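Quick note: the coordinates plus some simple rules give every number you see, no bench work behind them. On a predicted model such as this, the values are computed, not experimentally measured, just so you know. Cβ placement follows ideal geometry from the backbone for every residue including glycine, while neighbour counts extend to all protein chains displayed.
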Amino acid sequence: MNTAANDIPLRILIVDDEENILRSLRRLLANEEFEVLTAISGEEGLKILSENTDTALIISDQRMPGLSGVDFLEQARKLAPDASRIILTGYADVNAAIDGINKGGAYRYVTKPWKDEELTGIVHEALLRFVLIKDNQRLTRIVRNRNEELKEWNSRLKALVEEQTRGIRRQNEELKRLNESLENNLRDTITAFSGLIELRDAQGGSHSKNVAELSVRAARRAGLSEDEIQTISTASLLHDIGKIGIPDILLAKDMDEMESEEQAVYAQHPVRGQAAIDPIGALRDAGVLIRHHHEWFNGRGFPDGLAGKKIPLGARIISIADFVDRTVRGFRGDKAIEFALKKVKEYAGERFDGRLCPLMESPARELYRGFAREAEFVEMQLCPKDLRAGMVVSRDVRTGTGLLILSVGVKLDEKNIKSLRRSYQIDPSRSGIFVRVRR
Ligand SMILES: [Fe+2]
Ligand SMILES: [Fe+2]
């Protein structure tokens, strides 16, 4: 029998004051693969034990001069606590046996003379007990070490997860920031495009902006999602971007006044508009609405002649808003809004989706609230000599070579009229001065 941890033979210490007993016990155990140490007294036994604390079994006689077996075992227990201990007693020495067990922590007592077979069996059991204790200690150590390692790994893992979570959070923040900046860039681009369209607009600026205002408000009343509303807003701002390539002369006319070839060119602008923004992936949904903003609900519009719900909802809304803004501008009176809304009602079910028309009423009234007052004014192009104090400049005034003299919004007085006339004498401009005057 060996210790489980290694192949070192188990060590047995026998203590007896009688040499012949030591000899016979040594002989008895000689066949086994044990390392047998002997001591002639308890004192010597302790000395040997202090140098061999991994001893597996101690067999001690009780009755010895000097240290008794019980006393020896009691002290031996401190030196080799895991060793199994057997005490040898005479038949009559029951008290010593009990002491040996209680004080000396003996595992068994064996009475002299012993039966060899019985003693060998007891020795084996005692050694097995020692081996089991050692194995148990070894396994406990392994489990404890594994637990420590696990704890260590756990805390490392936790730190790693926390670090990664922090990293992911940082990346998310960064992505969000980039996204916002991209969205802002896109919005800026849309505004810039929209500004370009307004430059070409024969009827004056802010048509796209007004169409967007009306469409967004109506879409909100129709209960559309924020994403859909955003797309409608973008499409409204850019709905006439396809007009950029169309000759000025055409843009100055109503569609009814155009020759049929002119109408054909004009009718291309929704498709050209969609194609123009198609390279920008984020604007493709808006591109579809742009394509269909001149479809009629009864299928008689252009470019595809779609009818009813085949026309995208956003395009049906933009179509009404576009008409309302054009009509209000064209009518130019304080009844312009009512006139436009009346026309919308007339067209309901033919040109426009009848269920959407009522949604446009209050947005239009809100948007053009100041328009009636605005309609009291008219823009005129005057020569420098016709300028009067109190008129308000409605477009930037520049000299012939392009030098800015007065900005839009400036109210004229005698002084700036005089300096303007002088500038026009030195560096005449071919265009007149645009001012707003009361009707
Ligand atoms: Fe259009
Ligand atoms: Fe338009």
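The table that follows gives values for the structure above.
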item	result
Lys/Arg +1, Asp/Glu -1 at C-beta; the chain dipole; positive extreme among 57, 104, 279	279
Cα long-axis angle, helix 336-347 against the chain (0 to 90 degrees, to the nearest 10)	80 degrees
Pairwise centroid distance, computed over Cα atoms, of segment 161-236 with segment 393-434, Å	38 Å
Dipole magnitude of the chain, debye to nearest 20 (Cβ charges: Lys/Arg +1, Asp/Glu -1, about Cα centre)	3320 debye
Gyration tensor verdict on segment 201-375 (Cα atoms; rounded if a/c is under 1.5, prolate if a/b is larger than b/c, oblate otherwise)	rounded
GNM result for the chain, Cα springs below 10 Å: residue of 12, 320, 190 fluctuating most strongly	12
DSSP beta bridges in the chain [antiparallel fraction, %, rounded to 5]	40 percent
HN-Hα J in Hz across segment 116-129 - Karplus 6.51, -1.76, 1.60, θ = phi - 60°, x for Gly and Pro	3, 4, 5, 5, 4, x, 5, 4, 4, 4, 5, 5, 4, 4
Positive dipole terminus of segment 389-439, leading residue within 408, 419, 389 (C-beta point charges)	389
Tally of Lys pairs whose C-alpha atoms are under 26 Å apart, taken over segment 11-139, 8 or more apart or cross-chain	9
Two-site label geometry, residue 145 and residue 385: point separation in nm, points 7 Å out along Cα→Cβ	11.3 nm
Highest average packing first - 246-255, 50-59, 276-285, Cβ atoms within 10 Å	50-59, 276-285, 246-255
Overall form of segment 1-147 per C-alpha gyration tensor (a/c, 1.5; a/b vs b/c)	prolate
Global form of the chain, assessed from the alpha-carbon gyration tensor, a/c cut-off 1.5	prolate
Backbone HN-Hα couplings from phi across segment 355-362 [Karplus 6.51/-1.76/1.60, Hz, Gly and Pro as x]	6, 8, 4, x, 5, 8, 4, 5
Ranked list, fewest to most other Cβ atoms within 10 Å of each Cβ, for 239, 292, 207	207, 292, 239
Relative packing of 161-169, 98-106, which averages over residues the other C-beta atoms within 10 Å, highest first	98-106, 161-169
Charge dipole (segment 201-375, unit charges on Cβ, about Cα centre) - positive-most of 234, 299, 341	341
For segment 69-86, 3J(HN,Hα) per residue [Karplus equation, 6.51 cos²θ - 1.76 cosθ + 1.60, θ = phi - 60°, Hz, x = Gly/Pro]	x, 4, 4, 4, 4, 4, 6, 4, 4, 6, 6, 9, x, 8, 5, 7, 10, 10
Gaussian network model of the chain, Cα within-10 Å springs - most flexible of 179, 31, 210	31
Inter-part distance where segment 1-73 and segment 255-315 are each reduced to a Cα centre, Å	109 Å
Size of electric dipole in segment 335-439: Cβ of Lys, Arg +1 and of Asp, Glu -1, about Cα centre, debye, nearest 20	360 debye
Highest-fluctuation residue, 152, 117, 180 considered, GNM on the chain with Cα pairs under 10 Å	117
Mean Cβ neighbour count within 10 Å, used as a protection proxy, ranking 72-83, 354-365 highest first	72-83, 354-365
Spatially proximal lysines relative to residue 310 (Cα-Cα < 22 Å; intrachain offsets below 8 disregarded)	345
